[in-house]
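Student: Just dropping this structure here.
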Amino acid sequence: MKKIWENPEILKINREEPRSYYIPYDTLESAVKGVKEESHYYKCLNGDWAFLYFPREFDCTNGIIQSDFLKWETIPVPSNWQMHGYDVPQYTNVTYPYPVDIPYVPDENPVGLYGFETEIFSDFKGRESYIVFEGVSSCFFLYINGKKVGYSQGSHLVSEFNITKYIKPGKNRIVVKVLKWCDGSYLEDQDFYRLSGIFRDVYLLSRNADSHIRDISVNAALDAHYKNGLLSVKVDFLGKKSEYKTSLIDTDGSTKEFTGDLKLPNVRKWNAEAPELYTLIIKCKDEFIPIKTGFRNYEVSSKGEFLVNGVPVKLKGVNRHDSDPKLGYSVPLWHIKRDLTLMKQHNVNAIRTCHYPNTSEFYNLCDEYGFYVIDETDIELHGFVYRDPNIKGYQTYNDEWPCNMPEWREAFVERLVRMLERDKNHPCIFAWSLGNESSYGKNHDAMAEEAHRRDKTRLVHYEGARYADNPPSVDIISHMYSSPEDIENIYLKDGDKRPYFLCEYCHAMGNGPGDLKDYWDVIYKYPRFIGGCVWEWCDHAAVKNDENGNEYFTYGGDFNEYPHDGVFCVDGLVFPDRTLSTSILEMKSVYQNIKTVLKNENTVEITNLFDFTPLSSYKLEWALERDGDIIDSGSIGLPCVLPHKKARVTLPLNLPKVCKDGVCLNLSYVTKNDAKYADAGHEVAFTQLDMKVKRVKDALPSDILRILVNEDRECVNIKGKDFEYSFNKFYGGFASLKINGEETLAGITSYGVYRAPTDNDRNIKNKWNSYKENFKENELMNLMGAKVYDVKVKSSDSEVAITVKSSLCAKSKLPLLYVTTKYLINGHGFITVYTDVDVRETAVYLPRFGMELLLLQGFENIEYYGMGPGQSYIDMKNYTRMGKFKNTVTGEYVPYIHPQEHGNHTGLHWAKVLKDKGTGIEFSAEKSIDFCASHFTAKMLEENSHRHTLTPMAETLVRIDYKVSGLGSNSCGPKLNEKYQLNEKKFSYSFTIKPVFKN
Ligand code: GAL
Ligand code: MG
């Protein structure tokens, strides 16, 4: 017999038609206040429910469904059962975790049986009772007092049932049988942990039995001059209609009563920067229904710009999943608020709810905090591309895809409609998205038609339309991961008039992304390029205990699940626990809305990139630094520069005539007033200007100090006043650097080219490494020590010059590169290193090139002048600044869930690595270099798959690099741009090593 959950044409039994989200209240006061728990017509059923888990649906018999809850276990509602020890979290990206055999799912289909007993209904006497499920994965049957009430599917959508006729006075028994998989699961192949259960709120609504409002449609728009508000409210009843009254309450409490339409002269407008909301109250019989509304228009200009209230706006977006390492999909409001607060603090103005609608209240918060939202339908069929090894990629209008099959049409359309109807009243939503990565078919046409028919005030988005040549069904041309070059040279030149948008870009996986700024240079250049959403907001993980009982963050495979997609779920701007990573700081910097350029000695030009906020809302705090020390600072209010306008500001600067490392003007723009997401004083933009002051380096000590040089078969030994060095001619590096009689080195100095691959190196690393048996590729990982061809020593009583000719090679390969190094050592203990490198023409670009020094335990403190204080790379340094910084080596570690290269500082002038008492080594260079100090070798980082297994070594590894290749975003995005690759075949650099003596 055909099962309901294996029939794509049965999507519901007895479920109510979709409607806008609202809560009815019993008093006007509580409705205006809007705290739903205070409504007598709302009862939340969240809490501990009785629970039984069955690995096979087959075993969940009717007898068990009727059995005594006392014999059951318990589970919190809402939650995912995999987070409570039943079954395991399984992470898969594209691949379906079961056979592609539509509409069938495995016979071993797990069930979670939920039970709840309540007397609550006595409060509801004489009224209509509804039960609402905000999210259940993947489908469920509802039973009340032993009777089957209904069925629903669509995990991230609301299911509402009228249960009036099933309830009785006294105790009532609610049972919900949830199946792990159903035909609908084929439409839910999003890239995430596959989790099940009742994961969003469950509640009861009590409604007037005679007649009550079913649905409310609010349209709050602006007139053609964007001045006056036009409000229209439509109310729908199921069955008997009755009188109702509508009133609009302003923030000052003034109330206007009206019916149908209302004109508001000089209305307060809603936008993401100033999300002004009005409260609408609809009173019908004994119910008061509040709906927050905001007046705004979303349009597209003839140039393809995205207009908010007539103003062209760039979307500075992120993709956000519901995700928590302990709560799974069940994210409570405080959790969502934390995400939104962090986003606001980091200059985000747009969110794509990838790849399904969020809980209703999420949109209330977006209305309040101010975000432009793309609401996405709960549809992804990505796994269809892998269903047969002979088939590659998407096939549009193809009959093997459900998106083109008539029997799946309603399943597609109703997912869109349920979302649209639920969320239609939110000012924050500017576009409906038809889903993600589901190819393109007739069912998409049908969805788009339905969206346009039901809502003329918003745009329709679907990236997959790209594969069908972007038919008129979509109002936005959307791509993911196209490179800035292709966008500029190909896609923006295609003659299309629709806005161009990146629904995903800058894959923020691991260390990176390194290309944000490059995208934004293009976005600002073209009116039609309206912005994009970074993939993605947070790392997804689950929590597990290691052998010592300590919790750690997992990724795919850690629960021995099969199939899985490994580390691809830890790809967010923030860690699973929302700890910030450097990628979110980089994003904040690139997304910032105040741009500053230097015009002359003390005048800067400030451009207001906000769309609605004048610059008078901010203060400018400035500091002038010479060689990293503040020499002057001040704070000024900003003039009223209107949005998209610029102005010049003169600062009272007295620039010094000379400096050693540089004179920088640091400009920090901070808020004057408290906001919902940050107290006054919050930095919204930061720019550093190089003041171009003449740099004069310290003269080298003029006194000539004597050294003793003695050469034996293997070593050149050099002795000076407070130092003693030994250069090993056999290995071609220093074997000992003693300062104040103390050894610093734990090994022989050498050159290195390798770094522990970042996630963004995941493609190029196959070329870097002679991967397993594949000897066709390169060799960087397995380089042997240097091959030394020749060492020449020339000494006087005050200086010694050692010239080494060497190469770096790997087994079974031609030498990778040849190096000529000249070391000049003087009586002050200074070692000046001149390095000339010839790289084999055919070699792949190098991760980095530089000298590696392994220092003994105790070299824990660093000081440097370079780009910091966070890690900086040639293509990820916008968020850092040039300055003088101190840190510990331990503090340089960046705890990626999946260990990888980190901790570099680019633009380095000098760095000291010191012991507690001050002994140490200083490195300095005329032309800036890259520097890194770490307790981890590349090998350690590469060989540990998780951060909790990584143990720092006592020694400190210092890299003094000519260059380090950039990071890019090639984990999913384009190849690393050549300008960021260390691809030179011939280069030279020099730096000086100086002893730092005890203080
Ligand atoms: C995209 C997809 C996202 C995610 C990302 C990789 O193709 O839309 O859901 O899988 O790739 O992290
Ligand atoms: Mg996908």
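Student: Of the residues GLY370, GLY393, GLY383, which single one is within 16 Å of ligand 2 (Cβ to nearest atom) and open to solvent by less than 10 Å² (accessible area, probe 1.4 Å)? It would help to see each step written out before you state the result.
Tutor: Working: GLY370 fails: within 16 Å of ligand 2 (Cβ to nearest atom); GLY393 fails: open to solvent by less than 10 Å² (accessible area, probe 1.4 Å).
Unique residue meeting the criteria: GLY383.
Student: Would you mind telling me which numbered condition in (1) over 19 Å from the mean Cα position of the chain (by Cα); (2) in contact (Cβ under 8 Å) with a residue 24 or more places away in the chain; (3) assigned to a loop (DSSP other than H, G, I, E, B) GLY549 fails?
Tutor: (2)
Student: Taking the condition in a helix (DSSP H, G or I), open to solvent by less than 50 Å² (accessible area, probe 1.4 Å) and away from ligand 1 (no atom under 16 Å from the Cβ), does SER67 pass?
Tutor: no
Student: Hey, another quick one. Please name all residue pairs, on different chains or six or more residues apart, with Cβ atoms under 9 Å, provided the first residue is in the range 527-542 and is open to solvent by less than 10 Å² (accessible area, probe 1.4 Å) and the second residue is within 16 Å of ligand 2 (Cβ to nearest atom) and among the basic types (Lys, Arg).
Tutor: CYS533/ARG320; CYS533/ARG352; GLU536/ARG320; TRP537/ARG320; CYS538/ARG320
Student: Please work out which residue is nearest to ligand 1 (Cβ to nearest atom), limiting yourself to the range 463-517 and to residues that are among the small types (Gly, Ala, Ser) and in a loop (DSSP other than H, G, I, E, B). Outline the logic, then answer.
Tutor: Just the residues of the range 463-517 that are among the small types (Gly, Ala, Ser), to begin with: 464-465, 468, 473, 478, 482-483, 495, 508, 510, 512, 514.
Right, trim to in a loop (DSSP other than H, G, I, E, B) and you get 473, 482-483, 495, 508, 510, 512, 514.
Values: SER473: 19, SER482: 12, SER483: 15, GLY495: 27, ALA508: 9, GLY510: 11, GLY512: 13, GLY514: 16 Å.
Only one residue tops the list, namely ALA508.
Student: Among the candidates SER473, SER478, which residue alone is touching a helix residue (DSSP H, G or I) at 6+ places or on another chain (Cβ under 8 Å), of a type in the set (S, T, N, Q), within 16 Å of ligand 2 (Cβ to nearest atom) and touching a residue at least 12 places away in the same chain (Cβ under 8 Å)?
Tutor: Only one candidate qualifies: SER478.
Student: Quick one: PHE553 ticks every box in (1) in contact with a helix residue (DSSP H, G or I) (Cβ under 9 Å, 6 or more places away or on another chain); (2) farther than 30 Å from MET83 by Cβ bar one, so which box is it?
Tutor: The failed condition is (2).
Student: Report, by residue number, each residue of the range 686-723 that is under 50 Å from the mean Cα position of the chain (by Cα), open to solvent by less than 80 Å² (accessible area, probe 1.4 Å) and over 30 Å from GLU621 (Cα atoms).
Tutor: PHE723 - this is the single residue of the range 686-723 that is under 50 Å from the mean Cα position of the chain (by Cα), open to solvent by less than 80 Å² (accessible area, probe 1.4 Å) and over 30 Å from GLU621 (Cα atoms).
Student: Continuing with this model, one more query. Hey, among LEU187, LEU157, which residue is under 36 Å from the mean Cα position of the chain (by Cα) and away from ligand 2 (no atom under 16 Å from the Cβ)?
Tutor: LEU157
Student: Please list, ordered by residue number, the strands (runs of 3 or more DSSP E) wholly in the range 158-249 having 3 or more residues that are more than 16 Å from ligand 1 (Cβ to nearest atom).
Tutor: Numbers: elements: 159-162, 172-179, 192-194, 202-207, 213-222, 229-237, 245-249.
Passing ranges, in order: 159-162, 172-179, 202-207, 213-222, 229-237, 245-249.
Student: Please count how many residues of the range 665-677 are open to solvent by less than 10 Å² (accessible area, probe 1.4 Å) and more than 27 Å from the chain's Cα centre (by Cα).
Tutor: Summing the residues that are open to solvent by less than 10 Å² (accessible area, probe 1.4 Å) and more than 27 Å from the chain's Cα centre (by Cα) in the range 665-677 gives 1.
Student: Please give the number of the condition GLU437 fails out of (1) under 26 Å from the mean Cα position of the chain (by Cα); (2) more than 16 Å from ligand 1 (Cβ to nearest atom); (3) over 30 Å from VAL233 (Cβ atoms).
Tutor: Here GLU437 meets the rest and fails (2).
Student: Something else now. Looking at TYR962, TYR980, which is the one that is out of contact with any Phe, Trp or Tyr (no Cβ under 7 Å at 6 or more places or on another chain), surrounded by 17 or more Cβ atoms within 10 Å (Cβ to Cβ) and modelled with pLDDT of 95 or more?
Tutor: TYR980
Student: Now a separate question. State all residues of the range 565-595 that are more than 15 Å from the chain's Cα centre (by Cα) and surrounded by fewer than 20 Cβ atoms within 10 Å (Cβ to Cβ); if no residue qualifies, say none.
Tutor: ASP565, GLY566, LYS595
Quick grid of which residues meet (1) closer than 21 Å to ALA508 by Cβ; (2) not in a strand (DSSP E or B):
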| site | (1), (2) |
| --- | --- |
| THR279 | no, no |
| LYS283 | no, no |
| LYS303 | no, yes |
| VAL331 | yes, yes |
| ARG338 | yes, yes |
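The values are calculated or read from the model by the stated rules, or taken from the named source; none is laboratory data. Owing to the predicted nature of the structure, the values given are computational and were not obtained by experimental measurement. Positions of Cβ are generated from backbone atoms using ideal geometry, with glycine treated the same way; all protein chains shown enter the neighbour counts. Only protein heavy atoms, including side chains, enter the accessible area calculation; ligands, DNA and RNA are left aside. Shrake-Rupley method; radii C 1.70, N 1.55, O 1.52, S 1.80 Å.
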